[in-house]
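The values are calculated or read from the model by the stated rules, or taken from the named source; none is laboratory data. Everything quoted here is computed from the prediction, not taken from an experiment. No Cβ is skipped: glycine too gets one built from the backbone with ideal geometry, and neighbour counts run over all protein chains shown. Ligands, DNA and RNA are stripped out before the accessible areas are found, and what is left, the full protein with its side chains, is counted by its heavy atoms. Shrake-Rupley method; radii C 1.70, N 1.55, O 1.52, S 1.80 Å.
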Amino acid sequence: MPISPLMKQYLEIKQEHPDCILMCRIGDFYEMFYEDAETASRELDLVLTGKDCGLEKRAPMCGVPFHAAESYIAKLVSRGYRVAICEQMEDPALAKGLVKREVIRIITPGTVTEGGYLDEGRNNYLASLWMSSGAAGIAFADVSTGEVRATDVTGDDILHRLLSESAAFAPSELVCPEGTDGEVTAAFTARFGTLISPMAKEDFSKSSALEALKRVYGEAPAEGSDFSVCAAGALIAYIERTQKRDLSYLQPVAYYTCDEFMGIDSASRRNLEITESMRTKQKKGSLLWAVDRTRTGAGARLLRARLEKPLVNETAIRTRLDGVKELFSDGVMREELREALKGVTDVERIMTRLVYGTANARDLNAIANTAKLLPEIKELVSGAKSACLKHICANIDVLEDVCEAITKTIDDEPSMLLKEGGMIRPGCNAAVDELRDMVKNGKQWLARIEEYEKEKTGIKTLKIGYNRVFGYYIEVSKSFIDKVPPEYIRRQTLANGERYVTQELKDTESRVLGARDRLCALEYELFCSLRGFVLKAADRIHTTAEALAELDVCCSNAAVAAEQGYTCPEIDRSDVIKIKNCRHPVVERFLEGGYFVPNDCDLDCGANRIMLITGPNMAGKSTYMRQIALCVILAQAGCFVPATEARIGIVDRVFTRVGASDDLASGNSTFMLEMTEVADILKNATRKSLVIYDEIGRGTSTYDGMSIARAVVEYTSSKIGAKTLFATHYHELTELEGETDGVVNYNIAAKKRGNDVVFLRKIVRGSADDSYGIEVAHLAGVPDAVVKRAKQILQTLSEQGRIPPAASRREPESDNISFEALGEQRVIERIKGLDINTLTPYEAISVLYELKKEL
Ligand SMILES: Nc1ncnc2c1ncn2[C@@H]1O[C@H](COP(=O)(O)OP(=O)(O)O)[C@@H](O)[C@H]1O
Ligand SMILES: [Mg+2]
């Protein structure tokens, strides 16, 4: 038995797209078959049926109605599938034989453009990676907004650097050459949930890359190294291949170097909770959440992008801050602007959908409604004095022509569908009005026929109806069948009546339906030409949209500063970080009525290089250190800071490491991980960096941990010279003040009151006098009997001097490990570290001897 022609066609198309779920348009449905059907029915909760395909076994099948497809596609794409959309390329009614079908677009996690799939407040990046001999080029594109960037990544430990650079983009999909190192792709997937899309190596060659860039941009790129050009070219090729349309809407590739921005690796991003909270992975509880007062989607995206990539260029930071300053002091202008911005829609993404042909008449109205606000907004900023606002003002085009064209053409509440009419404003086009009239009159005609036939036949229940199969018909209920005149032609029998047509009805119908079809076609044509007109203004619209986003961010920064009492930081290239009354932007918001105690910070690269902070658990050490880092990030992103005064010498990188046992959230809090991260700081921090160590060395035994912590402080002081905040529970380390250059002891004050401890939250010079562990236990509700007994034990221990007093009071968890296990662990580590190839036979014997002894 031969396979059916439709199925043959399907299988041929499927063969071209083996890595996609193929959604094949058949009539009013998108159908999926075989494994695709099984996957989709599982993921989308669809009923799995079967289709006769000519073969003995029916093909597993499931489908979704075409008009509801978007949400189903969104679900599949968000779960990491690629979906190939296969359309009917001719009208099935007119096609001779099998309808021609083609894949018109492949939707993947990194290439979605529809609002329904995207989070308004964040960009969605597709990345492309080209690596070769110790260097790499990486490119990022947000297909929904048209932004494209590329950079080189070089140096040792390239994977780590790549991940750090990518962290600000968190790409949802990565294009890379077939056969790319599995360790690299796995790391992307683990870190950002990235879908890996391999492409032929050839696509990454210099010549292919240049060709791809030329196809889209018309000329070879003037800048960019070979690496970034190869990555960008392959990225473009991938977008072409999946989107299958003109990509001239993409912005030119912005080549940048990593050192144009503050370096924040992914561990530090996580620890500092810049855009998402560590625990919930949500925006709530993050720095972004605390400072976001934006009013538009594009503004929200831009603010997020700025916090992800703070600047290091003094002038650029100052420019941003000057804009905020002006809107901060002019509250009236700020609030009027913010009010106007409320009405601004996501023009950037609508423009992309216009290019894609997926935007509808309502989207055009949204552009017009935004354009209507532009004269007012431009007027409001036109008196501004700062270069930042002046620049924004200059870039706002009021788009009068676009606004007028849309308003004139499109109805106030147009249909969402493109091909069903109902879009064009009455009075705009004479032919449209005339056809509408005809359609309407046709309906009146039908009503008249109905009246006439009722009277003529005396059938009271006679009515005219419409369905897609027969068109217009006359319906007569059963009880009147005998009154039906002979000229009625029967078309359908129902349970309680019959349906007929007459010649007159059919004539009227062809007039009505003909007019309807012509009307829909004409409206669509007018829509398309208007769309073409708007697209011609794409550059002006894009520049304006960008200016509005910048304005929104500027207003947001000024608004949060006014509401929360932030101040403008003084920025320079000194080594100083001096902050008065600094607060934690997020913690203070969570204190609900409670008072956040502000603290000062005084760091430089000289005598105040390393703040060594001790103090009881819960005193506020971690909070304090993070708030300093967050202030520096805010300042360099061009925002005001939560303090009364701040001077920030520009920092090149920020590092934050948390002792393993403190980092419960990550789930893999191993000592090894902690040490890997510390190693990374020691290798990458510079004199210009800000480093935060939060209780490192906790994940191992007391003496080990203390020794490591001490060695790290010494090395950071002597070899790196970075400004460092170092919180530790090892009181012994306070001895370093005076011994090691730049170390200054601080502690966060606490007072004993009876059995309890009172946290004063104030950071003061000197070391903590006590760790108050037992008092904290009492505060936490540990039963009195236990607290009392603990005090007894502590006293005995100190008197007998069995364990050095300070350290012994807060033994870390690792003491649970028995010494035997520890010995075995050491042997294992030792064997792992052995390089057999360089070992002489004699050394081998002696290592064996030592291992045996250790056991
Ligand atoms: N300056 C402050 N003002 C008010 N509350 C604070 C302050 N600093 C910290 N806290 C509160 O104390 C809690 C514990 O702080 P944390 O920094 O985790 O302490 P530590 O690291 O010393 O154990 C925080 O969750 C916060 O609620
Ligand atoms: Mg802490």
Subset of region 255-277, residues outside any loop (DSSP other than H, G, I, E, B) and crowded, with 17+ Cβ neighbours inside 10 Å, comes to Tyr255, Phe261, Gly263, Ile264, Ser266, Ala267, Ser268, Arg269, Arg270, Asn271, Leu272
If you go through Leu354, Leu364, the only one that is crowded, with 21+ Cβ neighbours inside 10 Å and modelled with pLDDT of 95 or more is Leu364
Note on Cys520: of the conditions (1) of a type outside the set (Lys, Arg); (2) assigned to a loop (DSSP other than H, G, I, E, B); (3) at pLDDT 85 or above, unmet is (2)
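When the residues of region 742-756 are narrowed to those that are over 43 Å from the mean Cα position of the chain (by Cα) and either within 16 Å of ligand 1 (Cβ to nearest atom) or of a type in the set (Asp, Glu) (or both), which ends up most open to solvent (accessible area, probe 1.4 Å)? First the steps, then the outcome.
Initial filter on region 742-756 (over 43 Å from the mean Cα position of the chain (by Cα)): 751-756.
Cutting the leftovers down to either within 16 Å of ligand 1 (Cβ to nearest atom) or of a type in the set (Asp, Glu) (or both) gives us 751, 756.
Values: Lys751: 123, Asp756: 51 Å².
Taking the candidates together, the pick is Lys751.
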Subset of region 589-603, residues out of contact with any Lys or Arg (no Cβ under 6 Å at 6 or more places or on another chain) and modelled with pLDDT of 95 or more, comes to Asn599, Cys601
Quick count over region 774-785, residues being in a helix (DSSP H, G or I) and open to solvent by 80 Å² or more (accessible area, probe 1.4 Å), is 2
Can you find even one residue in region 591-607 that is within 12 Å of ligand 1 (Cβ to nearest atom), charged (D, E, K, R) and under 33 Å from the mean Cα position of the chain (by Cα)?
yes
- Check whether at least one residue in region 60-74 is crowded, with 17+ Cβ neighbours inside 10 Å, aromatic (Phe, Trp, Tyr) and not in a helix (DSSP H, G or I), and report yes or no. no
Exactly one of Thr194, Thr280 is open to solvent by less than 40 Å² (accessible area, probe 1.4 Å) and not charged (D, E, K, R), and that one is Thr194
Checked Ser329, Ser286, Ser268 against criteria (without any contact (Cβ under 8 Å) to a residue 60 or more places away in the chain and hydroxyl-bearing (Ser, Thr, Tyr)); the one match is Ser329
If we keep only residues of region 197-234 that are in a loop (DSSP other than H, G, I, E, B) and among the hydrophobic types (A, V, I, L, M, F, W, C), then the residue least open to solvent (accessible area, probe 1.4 Å) is Ala200
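If I ask for residues that are closer than 12 Å to Ile577 by Cβ and within 16 Å of ligand 2 (Cβ to nearest atom), which ones from region 604-615 would you list? Steps first, answer last, please.
Initial filter on region 604-615 (closer than 12 Å to Ile577 by Cβ): 604-605, 608-609, 611.
Answer for region 604-615, where residues must be closer than 12 Å to Ile577 by Cβ and within 16 Å of ligand 2 (Cβ to nearest atom): just Met611.
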Flagged pairs (Cβ under 6 angstrom, 6 or more apart or on separate chains; first in region 191-204, of a type in the set (S, T, N, Q); second crowded, with 20+ Cβ neighbours inside 10 Å) are Thr194/Pro171; Thr194/Leu174; Thr194/Phe188; Ser197/Glu173; Ser197/Val175
Of the listed residues (Val651, Val632), the one being more than 8 Å from ligand 1 (Cβ to nearest atom), part of a loop (DSSP other than H, G, I, E, B) and under 28 Å from the mean Cα position of the chain (by Cα) is Val651
Taking region 721-741 and keeping only residues that are open to solvent by 20 Å² or more (accessible area, probe 1.4 Å) and within 16 Å of ligand 1 (Cβ to nearest atom), one is left with His731, Thr734
Taking region 424-460 and keeping residues over 30 Å from Ile410 (Cβ atoms) and either among the acidic types (Asp, Glu) or in contact (Cβ under 8 Å) with a residue 24 or more places away in the chain (or both) leaves Ile449, Glu450, Glu451, Glu453, Glu455, Lys456, Thr457, Gly458, Ile459
Residues of region 60-74 being in contact with a helix residue (DSSP H, G or I) (Cβ under 6 Å, 6 or more places away or on another chain) and not hydroxyl-bearing (Ser, Thr, Tyr), in sequence order, are Pro60, Met61, Cys62, Val64, Glu70, Ala74
If we keep only residues of region 692-720 that are more than 16 Å from ligand 2 (Cβ to nearest atom) and under 35 Å from the mean Cα position of the chain (by Cα), then the residue least open to solvent (accessible area, probe 1.4 Å) is Thr716
Selection over region 452-499 where residues are outside any strand (DSSP E or B), surrounded by 12 or more Cβ atoms within 10 Å (Cβ to Cβ) and of a type in the set (Asp, Glu) yields a count of 1
### Task
Would you check if Lys378 is among the charged types (D, E, K, R) and surrounded by fewer than 18 Cβ atoms within 10 Å (Cβ to Cβ)?
no
- Query: Quick check: is even one residue across region 671-691 touching a strand residue (DSSP E or B) at 6+ places or on another chain (Cβ under 9 Å), within 16 Å of ligand 1 (Cβ to nearest atom) and of a type in the set (Ser, Thr, Tyr)?
  - Reply: no
Over region 396-417, the set of residues open to solvent by less than 30 Å² (accessible area, probe 1.4 Å), assigned to a loop (DSSP other than H, G, I, E, B) and of a type in the set (A, V, I, L, M, F, W, C) is Ile396, Leu399
Filter region 616-630 for residues that are touching a strand residue (DSSP E or B) at 6+ places or on another chain (Cβ under 6 Å) and near ligand 2 (Cβ under 8 Å from one of its atoms); the one that is most open to solvent (accessible area, probe 1.4 Å) is Ser622
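Residues are listed down the side, and each one gets a yes or a no for (1) of a type in the set (Phe, Trp, Tyr); (2) within 16 Å of ligand 2 (Cβ to nearest atom); (3) open to solvent by 10 Å² or more (accessible area, probe 1.4 Å); (4) out of contact with any Phe, Trp or Tyr (no Cβ under 9 Å at 6 or more places or on another chain):
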| site | (1), (2), (3), (4) |
| --- | --- |
| His542 | no, no, yes, no |
| Gly565 | no, no, yes, yes |
| Ile577 | no, no, no, yes |
| Arg583 | no, no, yes, no |
| Glu592 | no, no, yes, yes |
| Asp602 | no, no, yes, yes |
| Val632 | no, no, no, yes |
